[in-house]
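Notes to accompany the following structure.
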Amino acid sequence: MLPRTQRLRESRHFDAAYRLGKRWGSAPLVLYTQRNHALTSRLGIVASRKVGNAVIRNRLKRLIREVFRARWLDLAPGFNLVVVLQAKAQGMSLREMDAQLLTLLGRAEVLGGNSRGNHL
């Protein structure tokens, strides 16, 4: 589990990322980024019922948290990151999730210099 300081928990922070942040998307995932001017980046995950039942949604959220846990040192500090799961994310493996998120984070320019290695 990510430490409390690295999680988005309040709906106002999610809303601000949607309204004021930038959006990058792919078929299974959408990433919203917004500057938070803090010393660390924070992650929030959204999965609607369209993604699947609770078992599927929770599994996908665990995969996303694991990717971020493994790549946390690669992220630039000072961002609120919201990952929105789409229905096409069902059945993704850890490696597929890692590749998708790495692509989106690279496009969003929130990766530091240590992201070249294959962590997962």
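The values are calculated or read from the model by the stated rules, or taken from the named source; none is laboratory data. Everything numeric here is computed off the predicted structure, so don't read it as measured data. Here Cβ is always computed from backbone atoms with ideal geometry, including for glycine, and neighbour counts include all displayed protein chains. Ligands, DNA and RNA are stripped out before the accessible areas are found, and what is left, the full protein with its side chains, is counted by its heavy atoms. Shrake-Rupley method; radii C 1.70, N 1.55, O 1.52, S 1.80 Å.
At a glance:
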quantity: Number of positions in region 1-19 that are over 22 Å from residue 62 (Cβ atoms) and touching a residue at least 60 places away in the same chain (Cβ under 8 Å); calculated: 2
quantity: Counted residues, region 22-69 - those being assigned to a helix (DSSP H, G or I), of a type outside the set (S, T, N, Q) and either closer than 14 Å to residue 105 by Cα or open to solvent by 30 Å² or more (accessible area, probe 1.4 Å) (or both); calculated: 15
quantity: Residue among 91, 106 that alone is under 16 Å from residue 22 (Cα atoms) and surrounded by fewer than 16 Cβ atoms within 10 Å (Cβ to Cβ); calculated: 106
quantity: Residue 83 of a type in the set (A, V, I, L, M, F, W, C), out of contact with any Asp or Glu (no Cβ under 8 Å at 6 or more places or on another chain) and in a strand (DSSP E or B); calculated: yes
quantity: Which numbered condition residue 118 misses (of (1) over 13 Å from the mean Cα position of the chain (by Cα); (2) at pLDDT 95 or above); calculated: (2)
quantity: Search result, residues across region 1-39 that are farther than 22 Å from residue 95 by Cα and hydroxyl-bearing (Ser, Thr, Tyr); calculated: 5, 11, 18, 33
quantity: Hits in region 70-80 (condition: surrounded by 14 or more Cβ atoms within 10 Å (Cβ to Cβ) and out of contact with any Asp or Glu (no Cβ under 9 Å at 6 or more places or on another chain)); calculated: 72, 74, 75, 78, 79, 80
